[in-house]
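Worksheet: one structure, shown below.
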Amino acid sequence: MSDLFAELEWRGFLHHATQQIQHHLAERPRTVYCGFDPTAPSFQVGNLMPLTLLRHFQLCGHKPIVLMGGGTGLIGDPSGKPTERPLLSKEQIRDNVHRQRDQVARLLDFDAKDRRALVLNNADWLVEQRLVDFLRDVGKHFTVNIMLQKESVKARLESGLSFTEFSYMLLQAYDFLHLFRERKCTLQVGGSDQWGNITAGVDLIRRIENAEAHGLVAPLVTMASGKKFGKTEEGAIYLDPQLTSPYKFYQSWINTDDRDVERYLKLFTHLPEPEITSLVAQQARNPAQRPAQRALAAAVTALVHGAEVLSGVQAASAILFGEEQPEVHPQVFEILAGEIPTIAVEGESDGVALVDLVARAGLAKSKSEARRSIEQGGIYVNQQRVDDAGRTIASGDWIGGRNLLLRKGKKEYALLRRP
């Protein structure tokens, strides 16, 4: 198991870890968990880091648990937040739990015999917990002065911290204790902002069970540009394809800053060290081709959305960026329809003048302007330049029998679709 620790260190996953953790992992396969509070209907790309960390543990023979915070999500974690989170309704938390649970299926192995991943919900044991019993059995093992020293609490003392959020640390510590008792879980992982909460659980297990438990946290992912990781001008990047299309998801990784790409290849993919080294060298020689970003985008998109979806978004990307595309499967146009202006064409469409379609698609303000654009060579039909203003659209122009891609200049696109 020592190879795992070396791998995590090389990839940049080690920020803090408890003493003797390396020896603990080397002794035998362990059960490791990471918790996720369902504050949104989908995981964001920032959640990929701890999920990928769990995946590394599983690949090295350990058993991962994804703990959905159906209980702790009702309280709110103060870690990393300047102000108190708005409380979500119980119904919203339950809905978020169900939606996020489905997204984990591709990321971990749920069929492996001895290291099969589990998804649990801490609402199953926290919601019915009796307050007086909890304070007697758990609360007595925490001193307020120690809790005040935790970074997640200290950072909020000036701006204000409710007793509700102050109690969060106890609930997370109890989660660790519960999983230790019920699942023989001895390791919790997460982002560096969770270090105080994780060590609280380690201490609680030591005090109550007189047993050894460990924690490991990775550094929070940042961007060299100073922007918040996982954010675009349109907002957060989600794993749910209904909230962030696979095409936009793929493009977000393609647009990774050169200064970040090596670090992201290590954190978010399972590409081996020689391959990453080679990609970084290729990137340095030919940054305009973005070989490292393409490999990153392909690996992460395939992991989250599957190889078939990746193939479609790569084909759509090649079309929109004018790359060679020998044959386009009609399914690719389903992706394009969500990314570029799309116009439904009703009635007879064979023999229609291209001038009419260019104007109808909004690529020209009038038919006369459309005619001039065609004559000047600025209009493309299915990526082929057209300079004949008298050109009409024949049945063979409709890809898959119903898709016609128009382009004006280099970047203005319109997709026409018939029933």
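Overview of results
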{"quantity": "The chain: angle of helix 273-285 to the longest principal axis, Cα-based, in degrees nearest 10", "calculated": "40 degrees"}
{"quantity": "Charge dipole (the chain, unit charges on Cβ, about Cα centre) - positive-most of H141, Q293, L310", "calculated": "H141"}
{"quantity": "All Cα pairs of region 246-339, percent lying beyond 19 Å", "calculated": "41 percent"}
{"quantity": "Long-range amide H partners of Y238 with built H, under 5 Å", "calculated": "T244"}
{"quantity": "Value of Rg to Rh for region 108-163 (Rh from inverse mean 1/r over Cα pairs, i.e. Kirkwood)", "calculated": "1.17"}
{"quantity": "Rounded to whole Hz, the Karplus (6.51, -1.76, 1.60) HN-Hα couplings of region 54-69, x for glycine and proline", "calculated": "4, 4, 4, 4, 5, 4, 9, x, 8, 9, x, 10, 9, 9, 7, x"}
{"quantity": "Isotropically averaged projected area of region 135-205, using the convex hull of Cα atoms (one quarter of hull area), nm²", "calculated": "4.8 nm²"}
{"quantity": "Mean shadow area of region 43-184 over all directions, Cα convex hull, nm²", "calculated": "9.6 nm²"}
{"quantity": "The chain, accessible surface, carbon-and-sulfur percent (1.4 angstrom probe)", "calculated": "48 percent"}
{"quantity": "Cα-based helix-to-principal-axis angle, 195-209 vs the chain, degrees rounded to 10", "calculated": "40 degrees"}
{"quantity": "Projected area, mean over directions - region 143-182, Cα convex hull, nm²", "calculated": "3.1 nm²"}
{"quantity": "Equivalent-ellipsoid semi-axes of region 150-243, from the Cα gyration tensor, Å, largest first", "calculated": "30, 18, 13"}
{"quantity": "Computed over the chain: relative contact order in percent, which uses C-alpha pairs under 8 Å that are six or more apart", "calculated": "14 percent"}
{"quantity": "Two-decimal ratio, region 1-127, of alpha-carbon radius of gyration to 2.2 N^0.38 Å", "calculated": "1.13"}
{"quantity": "Nearest 10 degrees, 0 to 90: helix 2-11 Cα axis against the chain principal axis", "calculated": "50 degrees"}
{"quantity": "Region 314-414: relative contact order in percent, alpha carbon pairs under 8 Å with at least 6 residues between", "calculated": "29 percent"}
{"quantity": "Rounded accessible area per residue of the chain, 1.4 Å, Å²", "calculated": "50 Å²"}
{"quantity": "Signed unit charges on C-beta, dipole axis of the chain, positive-most listed residue A117, Y247, S162", "calculated": "S162"}
{"quantity": "D_trans [Stokes-Einstein, Kirkwood Rh over alpha-carbon pairs] for region 191-233, 37 °C, 0.692 mPa s, µm² s⁻¹", "calculated": "263 µm²/s"}
{"quantity": "Ratio of Rg to Rh over the chain (Cα coordinates, Kirkwood Rh, two decimals)", "calculated": "1.08"}
{"quantity": "Ordering of 342-355, 182-195 by burial proxy (mean other Cβ atoms within 10 Å per residue, highest first)", "calculated": "182-195, 342-355"}
{"quantity": "Alpha-carbon centroid distance for the pair region 195-252 / region 21-93, whole angstrom", "calculated": "7 Å"}
{"quantity": "Potential extension, D356-R418 segment - 0.36 nm per residue separation minus Cα distance", "calculated": "20.8 nm"}
{"quantity": "Pairs beyond 27 Å (Cα-Cα), from K90/K227; K113/K231; K154/K266; K227/K248; K365/K411; K367/K410", "calculated": "K90/K227; K113/K231; K154/K266"}
{"quantity": "Protection proxy ranking, peptides 97-107, 198-208, average beta carbon neighbours within 10 Å, highest first", "calculated": "198-208, 97-107"}
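The values are calculated or read from the model by the stated rules, or taken from the named source; none is laboratory data. Computed from a predicted structure; not experimentally measured. Neighbour counts are summed over all protein chains in view; Cβ atoms, including those assigned to glycine, are modelled from backbone coordinates with ideal geometry. Just the protein is used for accessible areas: all its heavy atoms, side chains included, with ligands, DNA and RNA removed. Shrake-Rupley method; radii C 1.70, N 1.55, O 1.52, S 1.80 Å.
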